[in-house]
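Just below is one structure, and these are the notes that go with it.
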Amino acid sequence: MRNCALLSKVCSRISFNYNHVLQTATFKLNQPGVLQYSTGPEVYDLVVIGGGSGGLACAKEAAGFGKRVAVLDYVTPSPKGTTWGMGGTCVNVGCIPKKLMHEASLLGHALKDSTHYGWNTPENITHDWSKMVENVQNHVRSLNWGHRVQLKDKNVEYLNAKGSFVDENTVKAVSQNGKETLLRAKNVVLATGGRPRYLNEVPGSNELCISSDDIFSLQNPPGKTLVIGGSYVALECAGFLQGLGYPTSVMVRSICLRGFDQQMANLITDHMESMDVNFIRSSTPQRVEQHENGQRLVTWSSTDGETHRQDVFDTVLLAVGRDPKTKSLGLENTGVKLHTNGKVLAVDGEQTDVPHIYAIGDILEGGVELTPVAIKAGKILATRLFSNSREYLDYKMVATTVFSPLEYAAVGMTEDDAISKYGEENIEVYHAFYKPLQYTVSQTPADQCYMKVICCRDGDQPIIGLHILGPHAGEMMQGFSVAVQCGVTYKQLSSTVGIHPTCAEEVVKIHITKRSGDDPMVTGC
Ligand code: FAD
Ligand code: NDP
């Protein structure tokens, strides 16, 4: 019975698509010039909607198998009117400009430290925001160009157009000037990413605040800044702004870095407070108003509603999460289902309820919102589609780093999650506060440089979580994350000989357990 029903569903879909092809051809004959169709042999093996991290990787990989591939990418301007080139969030308004501004802020600290190392660095060094933005944007533009060249080299057809479904096999591409093209596709990959959320319930915030879409190309220095939000984007932006010399406040309604190890999150905020970042805790904004000289007057309340405060800022940056770009994809014309949060529901890896439509990257429910995840998912999916591979992406054990600006890198479970899953008696946590050698001569405080290794307590103690807070923690973590993913045990870790003098060697030397209550401060070599 089930097979019969399936067969009839498949037949009706074939007949529907066949009818559509006929209608399409007729329409083309009757109304030349109104719409352009890709017809007959021009059917694409793959149409990718969204040319960001995931979409580009998937398109290029598929084209490498000799398939006919088109990728559509279109940027809707931010409410402030900011727009950008090809490559998606990471390249234009995410990882790349963020990391470069993080570097800019670290360089400022290094300049101050340099005097301790004998450099006659002038005391009143100033920072030129506009120059930094110009150079960062030049690099971003070179990446935009690089992406276009790569697509051309790989014979991927690129349309600077907004894509949506007409039916399950037909994608409409609408370019900036309104030109419409219909593409027929055997397979469609959705990779439209997300965009910053706005606080519609807070009067004035849409008009008077900016988001991460705007900050990296802001022409004028941001000045005294309020960042609203307490997660990745908020802490990273607040960190580099303060580091560049702009007095920065962060308004947090609950906890910082939800989902991360909270001991580490608290150390990060301690470090940021030591840099004079002002945390406005347990508070939410109530309204934002225009003030004198272009400033913004922000009114906020404590979350219990007891206190109300106001202050004036030059810039207010919203970092309150991101929404998936799935609303205008015409998914109602397909059987693709969405979660209530707007992300695409998949039934098998990245495959949706419609077998030839897939979703990758930030819009996939249950995925991880990180560039390497989107890229890997796109590549692996293309090999599954076009080269008989059965490989699936493992979304667990993905390492990440918060550039806060002391870097926090993590892979695997948080301590709290490990306790809830295995019970406190069944896990061992090794930890260490350490002083990076470079901090000694410069007399840089190292109070928050900390790491912990979370293991199951049995046998050789398999490592289930590794957390490092300190300079260059992201660089340190990449190699260790391979080991953790391969199931490394504490016994293997501690039998590894370290590289001296590095911060990474503290990971293989770690030996104090939390349970012992011994002082975890590393002393000596
Ligand atoms: P995107 O890269 O967002 O690409 C989607 C593309 O599709 C966009 O160009 C979009 O304009 C386009 N599009 C949308 N709708 C349509 C349509 N209908 N038709 C055609 N095109 C469409 N991740 C890290 O790993 N490391 C970091 O350090 C890091 N830093 C970040 C910093 C910030 C401030 C932000 C916001 C994000 C950061 N991320 C970071 C996350 C990372 O940028 C995303 O996870 C990644 O870009 C997701 O890739 P994607 O392919 O899913 O979507
Ligand atoms: P998140 O969804 O991680 O965090 C949103 C933050 O905004 C939370 O602190 C949340 O508080 C707060 N918030 C939400 N709504 C409101 C509101 N109405 N009023 C006040 N505060 C509010 O979003 P991000 O934009 O920070 O990051 C999105 C994703 O981008 C991340 O998950 C990450 O994967 C990726 N990213 C990666 C980076 C990296 O790899 N280094 C850097 C930046 C982004 P609450 O906890 O109370 O809900």
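The values are calculated or read from the model by the stated rules, or taken from the named source; none is laboratory data. A quick note: this is a predicted structure, and the numbers were derived from the prediction, not measured. Virtual Cβ from ideal backbone geometry, glycine too; neighbours counted across all protein chains shown. Each accessible area value is taken on the protein alone, full model and side chains, heavy atoms only, with ligands, DNA and RNA left out. Shrake-Rupley method; radii C 1.70, N 1.55, O 1.52, S 1.80 Å.
Residues that are closer than 24 Å to MET86 by Cα and open to solvent by 10 Å² or more (accessible area, probe 1.4 Å) within region 193-208 comprise GLY193, ARG195, PRO196, ARG197, TYR198, listed in sequence order. Quick check on this structure: which one of LEU469, LEU437, LEU493 is at pLDDT 95 or above and in contact with a Leu (Cβ under 7 Å, 6 or more places away or on another chain)? Unique residue meeting the criteria: LEU469.
Any idea which residue in region 82-116 is nearest to CYS209 (Cα to Cα), counting only those that are hydrophobic (A, V, I, L, M, F, W, C) and open to solvent by 70 Å² or more (accessible area, probe 1.4 Å)? Give the steps one after another, and end with the answer.
To start, the set of residues in region 82-116 that are hydrophobic (A, V, I, L, M, F, W, C) comprises 84, 86, 90-91, 93, 95-96, 100-101, 104, 106-107, 110-111.
Pick out the ones that are also open to solvent by 70 Å² or more (accessible area, probe 1.4 Å) and you get 107, 111.
Details: LEU107: 28, LEU111: 32 Å.
Taking the candidates together, the pick is LEU107.
Among SER387, SER328, which is the only one that is open to solvent by 30 Å² or more (accessible area, probe 1.4 Å), of a type in the set (Gly, Ala, Ser) and more than 10 Å from ligand 1 (Cβ to nearest atom)? Spell out the reasoning first.
Numbers: SER328 fails: more than 10 Å from ligand 1 (Cβ to nearest atom).
Being open to solvent by 30 Å² or more (accessible area, probe 1.4 Å), of a type in the set (Gly, Ala, Ser) and more than 10 Å from ligand 1 (Cβ to nearest atom) holds for just one of SER387, SER328, which is SER387.
The single condition among (1) surrounded by 20 or more Cβ atoms within 10 Å (Cβ to Cβ); (2) charged (D, E, K, R); (3) under 14 Å from GLY259 (Cα atoms) that GLU407 does not meet is (3). Among the numbered conditions (1) within 28 Å of THR82 (Cα to Cα); (2) away from ligand 1 (no atom under 16 Å from the Cβ), the only one that GLY229 does not meet is (2). Beta carbons closer than 7 Å, at least 6 apart along the sequence or on distinct chains, pair a first residue in region 79-108 that is among the hydrophobic types (A, V, I, L, M, F, W, C) with a second that is near ligand 1 (Cβ under 9 Å from one of its atoms) and open to solvent by 40 Å² or more (accessible area, probe 1.4 Å) for CYS90/ILE96; VAL93/TRP84. I'd like to verify a number: residues in region 209-252 that are more than 13 Å from ligand 2 (Cβ to nearest atom), closer than 21 Å to TRP300 by Cα and open to solvent by less than 20 Å² (accessible area, probe 1.4 Å), how many? Total meeting the criteria: 6. Counting only strands (runs of 3 or more DSSP E) that sit wholly inside region 341-454, those with at least 1 residues that are under 23 Å from SER231 (Cα atoms) are 400-403, 407-412.
Please work out if ALA382 is over 12 Å from the mean Cα position of the chain (by Cα), under 29 Å from HIS102 (Cα atoms), within 14 Å of ligand 1 (Cβ to nearest atom) and surrounded by 19 or more Cβ atoms within 10 Å (Cβ to Cβ). When the stated conditions are applied, ALA382 does not pass them.
For region 394-412, state whether one or more residues are more than 12 Å from ligand 1 (Cβ to nearest atom), among the charged types (D, E, K, R) and over 29 Å from ILE427 (Cβ atoms). Taking every residue of region 394-412 in turn, none turns out to be more than 12 Å from ligand 1 (Cβ to nearest atom), among the charged types (D, E, K, R) and over 29 Å from ILE427 (Cβ atoms).
Scanning region 317-340 for residues that are in contact with a strand residue (DSSP E or B) (Cβ under 8 Å, 6 or more places away or on another chain), farther than 16 Å from GLY361 by Cα and outside any loop (DSSP other than H, G, I, E, B) turns up LEU317, LEU318, LEU331, ASN333. Checked against (1) open to solvent by 30 Å² or more (accessible area, probe 1.4 Å); (2) within 16 Å of ligand 2 (Cβ to nearest atom); (3) within 18 Å of the chain's Cα centre (by Cα), ILE363 passes all but a single condition, namely (1). Of the set (1) within 16 Å of ligand 1 (Cβ to nearest atom); (2) open to solvent by less than 10 Å² (accessible area, probe 1.4 Å); (3) farther than 23 Å from GLY470 by Cα, all apply to GLY349 but (2).
Looking at region 467-525, what helices (runs of 4 or more DSSP H) fall wholly within it and have at least 1 residues that are open to solvent by less than 20 Å² (accessible area, probe 1.4 Å), in contact (Cβ under 8 Å) with a residue 60 or more places away in the chain and farther than 26 Å from GLU425 by Cβ? Outline the logic, then answer.
Working: elements: 473-485, 490-494, 505-509.
By residue number, 473-485.
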